[in-house]
Structure formats: structure tokens, C-alpha cells
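Derivation of every value follows stated rules applied to the coordinates shown; laboratory data play no part. These numbers were taken from a predicted model, which means no experiment stands behind them. Virtual Cβ from ideal backbone geometry, glycine too; neighbours counted across all protein chains shown.
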Amino acid sequence: MFHFDNTVNLIIPCLHESNKILQINFSAQREENHLDNEGASQLRSEDGWRSPSNSRPSSGSYSPTGMQRRWIDIVTVPLMMAYVTRYIFGTDKLRPNAFEVRGLNGASTGIIHCDDAAILSQWLKYITDNIVGLTSLQMKLYNRNFPATERIEYMGWVNEGILNNNQPWQNYKPRFLTLKGTDVLLFDSPPLNIMDWLKCGLVFKVYQTMFRVIKDSENVDERQHCFLIQTSGHESRYLSVETRQELLRIENAWHCSVCQAVMKLGSKTFSVNTSSGKAAGLTLDWHMGFALYDTESKTYSWKYKFSQLKGSSDDGKCKLKLHFQNAETRIIETKNLTTFFFLFKQELETSSLQSLLFCMHAFLTAKVASVDPAFLSSITP
């Protein structure tokens, strides 16, 4: 049996009768360790054992022999920024009807086995709901110290697939994923103060990063609920979470972060060469749309709104074609007519094609989201 202490800690107690432990089976990362009925008198508070007076109700506190019984808490795991997992640590293998909770302070419940899938599902929901609620509260506390443009949209644990050259499979490493302002951050452990935010070793710009949910048929192993984070100039990162709901939370938070980041950025210019070999700058502007700036004449060669982009193609290396619809040039016939839309193709060459494509995707995603009042209200600080 285990319970919550004011929804902040997960506590695993054992029943204690007249200084004798009646029953407890406790397993950690190694094989199960059994604590027998002897030697209970040697338990001390400094060994992590404690006996709070309010850990269990008084009903049934006396045995048939008249000896007093009480619950002793042997493990306490803080749920603030903790995570619960059914997977064997570092692998893609699910434990049957079992789970583990790992706390921010390194504490672990060990492996908790449930009698059936229904009980397992119920406890996973209770624990996950508490973790999400406490982490959301911590996000709000952090956001009080950050400006609106740097607010946190998401914090939570994911597992990253790590390729091992000596093995034909990949291991998994816990990462703490955060979406903050214009940045995507991956920590080895959650940030506990403002200074920790400055020490993150993996930081990417969300408007130059692609988020893609992996289809079940594309999973590389037995891990479910996987997604890719692709950033120009870096290797793609293969990540997974425990539930479909958590994956949807990350996806929604990602869209919010992209929209806010693009609005804050305003515009982004990439150095390109036109088909004639001239150097130019392709600008993505939140208000103006697409614009090609001629560096020699210092004027814009052309401008198009985001809505005028009808398609694009590239060679996967450095060449990009953008297909725009001219808003003014249309052929209109008076009877039995078909309206033709002339597509103007601008062929560009850039040394950072992937970065440009990711940024284009971010601007277009944000522009589409900006016309949805419900979405805009959800990202309002």
C-alpha cells in the first residue's frame, strides 16, 4: 500500500506491529529485496524510515492479540518535477503491471507491482495527475520572474534514444524538456533556480527547429509515443514519453511557443543567390510576408504575402523554388469560364537550406494559428 501526503509526496508504508514488520516486499533496480520480520528494531530515522502520526487512520490499529499496529513510511518520493515510468530503466521494455516513480532528489519507489491492469492504470493516473499539477504550479512560479516573452510553455520529462555503436539497439536517457520563450532546452536534471536556466548545455531556437510526431509504424523499437526534434546543423533527436496525453501536451505547447517566438522575432533574413547569380536577402516578415531584398540596388525585388505561397520544392541540398500566386494577374472569362491562377516561381540558392525551411514552416504555422481566436486566447499571458 502507498498513499499521497498532501499530494506533494508519494509515500510507501509498511505495517508495523509491536516493533515487528508484518509484511513488505520491496524491489529496486536490481532483483527484489525482501525485508523479513526480524531486525525491525534496528530501523532508525537516519536510514530513511519514519512514522508520521497521520500516515494512516486509526481504524484497525490493534491486532487480535491486543498489540498496537501502526504504519511506518519506508520511502518518500517528492512528486514536484518527478516522473513515473513503466519501462525498465534505459530500455524500450515495458514492465508487466508494474511501474516506478523517480523523484527530483534522486529518490525512487523501486518497482511497484500491481495485481491487475485496472489497478495499475488507476495508480498511474493518480500519480501522473499530481506530478502534472505540481509541475504546472512550479511553471507559474518561474514565470513570475520572467518577462511575458520568455515565459515557460512546457516542462516535463522525456526519454531520448541514444545510439550505441557497440550495440545494434539504442539506450534511453531521461531528459528534462522545457519550452521557454524562443528556446527549446534539454536538461539532464530540472532547473531549480534562475541560474540553472543559464547553464543548459542543449539550447535550440524553436523557430529553427521542427517538431514531428512519429507514427506507430515508424517507431524504431517498442517505445511508444515518440517524436523527433530536428534542428539545422545538428543531429535529429528521437524522444519518447509515457502516454499519448503527454505527447499531445508537448505538441500543443510547441505550437504556442512557435507562435509566440515568431511574433517576438518579427522578421528573419537569409542570404541567398538568385537564379542570375546576384546576392540577395530573403526576408520572412510577420507583417509583410516574403520579400527579396536586392543588396546592390538596396530595394525589394518582390514581395508576397504568406497566403500567396502555393507550394515549394527543393533539391535537398541548396536550391529552393517558391511558388507564389500573383494577387493581381488573373484571366477572367464571361461565359462557361474557368479562372486561371498564374504561379510565379522564384528560384533561390542558399547555403543554409534546412534552417530556411524550418523558419518558413515556423512563420507559416504561426500565421495560420494567429487567425484562430481560441488559440490566441490560450497563449495570452
Tell me which residues come under 5 Å, amide H to amide H, from GLY90 once H is placed; ignore anything under 5 positions away on its chain. TYR172
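Considering every pair of different Cα atoms, what Kirkwood radius, in Å, is found for region 161-266?
Numbers: mean 1/r = 0.0669 Å⁻¹.
Over region 161-266, the inverse of the mean reciprocal pair distance is 14.9 Å.
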Tell me the label-point distance for the pair ASN145, ILE119, using the 7 Å Cα-to-Cβ offset, in nm and rounded to one decimal. 4.2 nm
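What does the highest-first list of 207-213, 276-282, 310-316 look like by mean Cβ count within 10 Å?
Working: 207-213: 19.6, 276-282: 13.7, 310-316: 11.6.
Packing order, densest peptide first, comes out as 207-213, 276-282, 310-316.
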Here region 257-263 yields Karplus 3J(HN,Hα) values (6.51, -1.76, 1.60; θ = phi - 60°; whole Hz; Gly and Pro given as x) of 5, 4, 4, 5, 5, 5, 4
Can you give the relative contact order of region 154-210 as a percent, counting alpha carbon pairs under 8 Å and 6+ residues apart? 27 percent
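Which entries in LYS264/LYS310; LYS310/LYS367; LYS278/LYS298; LYS180/LYS205 show an alpha-carbon gap greater than 18 Å? The partial results should precede the final answer.
Numbers: LYS264/LYS310 26 Å; LYS310/LYS367 15 Å; LYS278/LYS298 13 Å; LYS180/LYS205 10 Å.
Result: LYS264/LYS310 exceed 18 Å.
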Sticking with the crude label model, points 7 Å out along Cα→Cβ, report the distance from LEU228 to HIS361 in nm, one decimal please. 0.8 nm
Potential extension, LYS321-VAL220 segment - 0.36 nm per residue separation minus Cα distance: 33.1 nm
Based solely on C-alpha atoms, express the radius of gyration and the Dmax of region 89-231 in angstrom. 16.9, 48
